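Here the structure is laid out as structure tokens; the discussion comes afterwards.
The values are calculated or read from the model by the stated rules, or taken from the named source; none is laboratory data. All figures in this text were calculated on a predicted structure; none of them were measured in a lab. Note that we place each Cβ from the backbone using ideal geometry, even for glycine, and neighbour counts take in every protein chain shown.
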């Protein structure tokens, strides 16, 4: 499954516009996303810890992904944000 997702990423129109850290954060969100809803909800700390990234780097990457409309952030009061993966953004 992960290999298929990774291969699909090269077909995305936005892939070349991302830094390596942004690609890692996007990939992390995407592999965690529910296949029906396209929503994932890892904490920023979890992404940073598991991907070996500084928390500030993760936050910056999420902001860039949102700016490019690759993801949407669904804020949850007192809980971890939900991240909606916009599969139309990549034209795949």
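For this structure, a couple of remarks:
- Checked against the criteria, residue 22 counts as in contact (Cβ under 8 Å) with a residue 40 or more places away in the chain and assigned to a helix (DSSP H, G or I).
- Qualifying residue in the stretch 39-46 (condition: surrounded by fewer than 12 Cβ atoms within 10 Å (Cβ to Cβ) and touching a helix residue (DSSP H, G or I) at 6+ places or on another chain (Cβ under 7 Å)): yes
- Taking every residue in the stretch 41-57 that is at negative phi and at pLDDT 95 or above and pairing it with any residue that is part of a loop (DSSP other than H, G, I, E, B) and loosely packed, with under 13 Cβ neighbours inside 10 Å, at least 6 positions away or on another chain, the pairs with Cβ-Cβ distances below 7 Å are 48/54.
- Scanning the stretch 63-89 for residues that are in contact with a strand residue (DSSP E or B) (Cβ under 7 Å, 6 or more places away or on another chain) and either in contact (Cβ under 8 Å) with a residue 40 or more places away in the chain or surrounded by fewer than 13 Cβ atoms within 10 Å (Cβ to Cβ) (or both) turns up 65, 71, 74, 76, 81, 82, 83, 84, 85, 86.
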